[in-house]
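Undergrad: Got a structure for you, questions after.
The values are calculated or read from the model by the stated rules, or taken from the named source; none is laboratory data. As the structure is a computational prediction, the values presented were derived from the model and not from experiment. A quick note on method: Cβ atoms are made from the backbone with ideal geometry, for glycine too, and the neighbour counts reach across all protein chains shown. SASA here: full protein model, heavy atoms, side chains in, ligands and nucleic acids out. Shrake-Rupley method; radii C 1.70, N 1.55, O 1.52, S 1.80 Å.
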Amino acid sequence: MAMITENSTNDPLRDALLAKVQPAELVEQPLVTNDRDFNWVTDKICRIVETPTPLWWWVCMAVALMTAAFTGLGLAWLVSTGVGVWGLANPINWGWAIVNFVFWIGIGHAGTLISAVLCLLKQGWRTSINRAAEAMTIFAVVCAGIFPLFHVGRVWFAWWLFPLPNANVIWPQFRSPLEWDVFAVSTYGTVSVLFWYMGMIPDLGVLRDRAVQRLQKGVYEGAGILAQAMDIFRKYFYGIFAMGWRNAGNHWRNYEMAYLILAGLSTPLVLSVHTIVSFDFAAAQLPGWHTTIFPPYFVAGAIFSGFGMVLTLMLPLRALYGLHDLITQRHIDNMCKICLGTGSIVGYAYIMEFFIAWYGANPYESYAFINRAFGQYWWAYLMMFSCNVFTPQLFWFSAVRKNAALVWVMSILINVGMWFERFVITVTSLANDFLPSSWGYYSPTIVDIFTFFGTFGLFSVLFLMFLRFLPLMPIAEVKFVMPAADPHGHHDDGKGGSH
Amino acid sequence: MAEAEQSYGLIASFKNTASFFHAAEKVRDAGYKKWDTYSSFPVHGMPEAQGQPRSKVPIFTFCGGITGFIIGTLMVWYMNYFDYPLIVGGKPFFSPIFPFPIMYELTILLSAFGTLGGMFITNLLPQHYNPLFNSAKFLEVSGDRLVIAIESRDPQYDPQATRSFLEEIGGTDIEEVNA
């Protein structure tokens, strides 16, 4: 009956009605479960980087490095021979390179969505996953950048993409969407790094202070000289990058303002990046590309694939590091629901494209779409449609969302589907363009396959380095959403129990 | 005053967020100026409790944004209209429409730099050394300790009176930090 007394007003009719219907009390799921305190959170996250490197890390790193070598090999072969080693030929001059670029850039979008958009929407559950998701963004942009960079053919002239004075005294051509893309992607990469770094400053301070504390206490008996040397390294490495952060109220005041502004800047930025990526296609006159639905459809697809990737990464990490109290079922549920929402938007866009092709009564446009689904690339369209439209619909069921292994498999299917979406858009439209006499069929070469396969290794290498050296979760933000951080609560200790 | 010159000030710890928050309000009301609260997470409403004004960071963001927008506009005008006019598809050499993505991205880019720079400037960072780091208790702020520090350069500071004031508002583990 506590609910009724809480809601009681001066209105007797309302009270009587409330007593009669007895509204259900909805308990908000806590974001940090099992009644953990502040020190537990600090310890749990810091110990990931402070304890000796686990064996699985070395195994994963070795595999990741070997995989990344494929990209190195592919690129070395490309640069030493020429861009003809890729499977590009008229009329399909945008093959896997552009497909992979859009794929990786799209994956990055979920990181910014979690760190910026969910921050503005005051979604407290974002706290435990945002750091790793932002790291994913940056590493995905690195992988994405490789493809257009080498696609220019003579990579040593890639700096001509930027408005820098050169010996030919010419400048970039700013009417081209490709030049807009240079600015969008480089701004996106830079701002993501700034946002990521600023969010990390307080946590780097925590790691610094913990290293200094251990050095002062001299807790190295039996641990050996190496443990002490590592703490000296940590004291300076984290100390330099923490910039002397000392958790002052004054620091937090300016920091929180800056964080909010960066979130506000990143939100229009992330929407603009995939919009401009879609302009690469939409501003062309090719049937199948020249559509106004592209910007929103690309952004929804990017968020969809990005959340797929976040799930792919976070579920194993949660199991490996025992982070079940920080990444709870509620977090997984929410991410699955975002996949469901954005996946449904993507599905709607697929169907709407067909409707408009028919409704627009343009025979070339109609042909492009019928050819997409039933032409020579029908298998790619089928992969795309089944993975992206049907897979996420399973997330309607809570039993599916609670099955971590199934969610993980589905998250991979989502990314397979999203890669095929970019393949379908890029290749099918180009393969059958204006002149039937020049139509062609595109197949990737082994160099294409090597280069793309290796980027997963590169991404993993970067992500493993992040896991080893930087705090996986924003400690301060996780503490902030715990009930004990509420200055108006009535908690006698530092416990973070139910709210 | 030889003693006061060597002392950075006094630090006191508080047992939970609520008492920490109310103690900050009392320090503010007592009229201290050179003091601050220290906690490993931002406390909701603390700037008001400390009597601090709104952060100045947005000014830096605004300056960055304006600079970015102007640079973007002038750059496209100079490069595609003034220095090397290039005919592309019969489009105008300059217009505020086609280079809008460039202006937009540069506005965001320089706003972001302005924001991060503004955070450092308003917080007087980088400042890798501070006397507070000499205190072992202060380092525990990174865990769960909640600390209020009143500096000796505050005009109201008095080693004895400030110490008893901190005790009065619920502070424990009161310690003098050397400068």
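Undergrad: Buried accessible area for the B:A pair, summed, 1.4 Å probe, in Å² rounded to 100? Walk me through the intermediate numbers first.
TA: Working: alone 11530 and 24120 Å², together 29660 Å².
Between B and A, the summed buried area is about 6000 Å².
Undergrad: Hey, what did chain A get for relative contact order, percent, Cα under 8 Å, at least 6 apart?
TA: Details: 642 pairs, mean separation 155.9, N = 499.
Computed over chain A, the figure is 31 percent.
Undergrad: Are there trypsin sites (Lys or Arg not before Pro) in segment B:57-166 that DSSP marks as loop and that have at most 16 other Cβ atoms within 10 Å, and which are they? Present the calculation step by step, with values, prior to reporting the outcome.
TA: Numbers: sites: B:Lys137, B:Arg145, B:Arg153, B:Arg163; in loops: B:Arg145, B:Arg153.
Within segment B:57-166, the qualifying trypsin sites (Lys or Arg not before Pro) (loop, at most 16 other Cβ atoms within 10 Å) are B:Arg153.
Undergrad: Quick check: pseudo-label points 7 Å beyond the Cα along Cα→Cβ at A:Asp15 and A:Ile240, how many nm apart are they?
TA: 6.8
Undergrad: For segment A:151-209 and segment B:152-172, what is the separation of their C-alpha centers, rounded to whole Å?
TA: Segment A:151-209 and segment B:152-172 have Cα centres spaced 51 Å from each other.
Undergrad: Can you give the local net charge around A:Val389? Use residues other than it whose beta-carbon is closer than 14 angstrom to its beta-carbon, Lys and Arg +1, Asp and Glu -1. Before the final figure, lay out each step's value.
TA: Working: positive: none; negative: A:Glu353, A:Glu421.
Overall, the nearby charge balance is -2.
Undergrad: Projected onto the charge dipole of the protein assembly as shown (+1 at Lys/Arg Cβ, -1 at Asp/Glu Cβ, origin at the Cα centre), which of A:Ile475, B:Gln50, A:Leu65 gives the Cα projection farthest towards the positive end?
TA: A:Leu65
Undergrad: Probe radius 1.4 Å, ligands and nucleic acids left out: which of A:Met230, B:Met79 has the largest accessible area, and how do the rest follow? Let's see the in-between values first.
TA: On the way: A:Met230 70, B:Met79 15 Å².
If we order A:Met230, B:Met79 from most to least accessible, we get A:Met230, B:Met79.
Undergrad: Could you give the distance between the Cα centres of segment A:68-137 and segment B:1-53, to the whole Å?
TA: First find each Cα centre; the distance between them is then 46 Å.
Undergrad: Lys pairs in chain A, Cα-Cα under 16 Å, at least 8 apart or on separate chains: how many?
TA: For chain A, the number of qualifying lysine pairs is 6.
Undergrad: How far is helix A:404-423 tilted off the main Cα axis of chain A, in degrees rounded to 10, range 0 to 90?
TA: Value to nearest ten degrees: 30.
Undergrad: Using Cα centres only, tell me the gap between segment A:257-310 and segment A:395-430 in whole Å.
TA: A separation of 18 Å, based on Cα centres.
Undergrad: Pick from B:Ala161, B:Ala49, B:Ala24: which residue has the top mean-square fluctuation in a GNM of chain B where Cα pairs under 10 Å get a spring?
TA: Answer for the Gaussian network model of chain B: B:Ala161.
Undergrad: Calculate what fraction, in whole %, of the accessible area of segment B:57-122 sits on carbon and sulfur atoms when a 1.4 Å probe is rolled over the protein chains.
TA: Values: 2690 of 3260 Å².
The computed percentage sits at 82.
Undergrad: So, one more: Which angle from 0 to 90°, rounded to the nearest 10, does the C-alpha axis of helix A:224-242 make with the longest principal axis of chain A?
TA: 70
Undergrad: For chain A, what is the mean residue ellipticity at 222 nm derived from helices alone (per DSSP H run of n ≥ 4: -39500 (n - 2.57); sum divided by total residues; nearest 500 deg cm²/dmol)? Write down the numbers at each step before the final one.
TA: Working: 17 runs with 325 residues, N = 499.
Rounded to the nearest 500, the figure is -22500 deg cm²/dmol.
Undergrad: For segment B:1-153, give the share of DSSP beta bridges that are antiparallel, in percent and rounded to the nearest 5; count only bridges with both residues there. Numbers along the way, then the final one.
TA: Numbers: 10 of 10 bridges.
Within segment B:1-153, antiparallel bridges account for around 100 percent of the total.
Undergrad: Let me ask another. Provide the per residue accessible area, probe 1.4 Å, for segment A:82-228, rounded to a whole number of square angstrom. It would help to have the intermediate numbers written out before the result.
TA: On the way: 5140 Å² over 147 residues.
That works out to 35 Å² per residue.
Undergrad: With a Förster radius of 22 Å, plug the Cβ-Cβ distance of A:Phe397 and A:Gln123 into 1/(1 + (r/R0)^6) and report the FRET value to the nearest 0.05. Write down the numbers at each step before the final one.
TA: Numbers: r = 23 Å, r/R0 = 1.04.
That gives a FRET efficiency of 0.45.
Undergrad: Same structure again: For helix B:100-122, report the angle its Cα long axis makes with the longest principal axis of the Cα atoms of chain B; keep it between 0 and 90° and round to the nearest 10°.
TA: With both axes taken from Cα atoms, the answer is about 20 degrees.
Undergrad: In segment B:44-69, which residues give up 10 Å² or more of accessible area once the other protein chains are added, compared with their chain alone (1.4 Å probe)?
TA: Residues meeting the cut-off: B:His44, B:Pro47, B:Gln52, B:Pro53, B:Arg54, B:Ser55, B:Val57, B:Pro58, B:Thr61.
Undergrad: List the residues of segment A:143-176 for which accessible area in the full set of protein chains is at least 40 Å² lower than for the chain on its own; 1.4 Å probe, protein heavy atoms only.
TA: At a threshold of 40 Å² (probe 1.4 Å), the residues of segment A:143-176 that become less exposed are A:Trp171, A:Gln173, A:Phe174, A:Arg175.
Undergrad: Heavy-atom accessible surface, probe 1.4 Å, ligands and DNA/RNA ignored: which residues of segment B:117-151 lose at least 50 Å² versus the isolated chain?
TA: Residues passing the criterion (a loss of at least 50 Å², heavy atoms only) are B:Met119, B:Phe120, B:Asn123, B:Leu125, B:His128, B:Phe133, B:Leu139, B:Ser142, B:Asp144.
Undergrad: Tell me the net charge near A:Asn371. Cut-off is 12 Å between Cβ atoms, A:Asn371 excluded, with +1 for each Lys or Arg and -1 for each Asp or Glu.
TA: Values: positive: A:Arg372; negative: A:Glu365, A:Asp433.
Around A:Asn371, the charge tally is -1.
Undergrad: Further, regarding this structure: So if each residue of separation counts as 0.36 nm, and I subtract the Cα-Cα distance between A:Ile232 and A:Ala319, what length gain in nm does that give?
TA: 28.3 nm
Undergrad: Keeping all protein chains in place, calculate the accessible area per residue for segment B:57-122 (probe 1.4 angstrom), answer in Å².
TA: Values: 3260 Å² over 66 residues.
The answer is 49 Å² per residue.
Undergrad: So if I place +1 on the C-beta of Lys and Arg and -1 on the C-beta of Asp and Glu, and nothing else carries charge, what would the dipole magnitude of the protein assembly as shown be about its Cα centre? I want it in debye, nearest 20. Show your work: numbers first, answer last.
TA: Values: 40 positive and 47 negative charges, 208 e Å.
Here the size comes out at about 1000 debye.
Undergrad: Heavy atoms only, probe 1.4 Å: what % of the accessible area of chain A goes to carbon and sulfur, would you let me know? Provide the component values of the computation, followed by the final result.
TA: Working: 14660 of 21120 Å².
Using a 1.4 Å probe with all protein chains present, chain A comes out at 69 percent carbon and sulfur.
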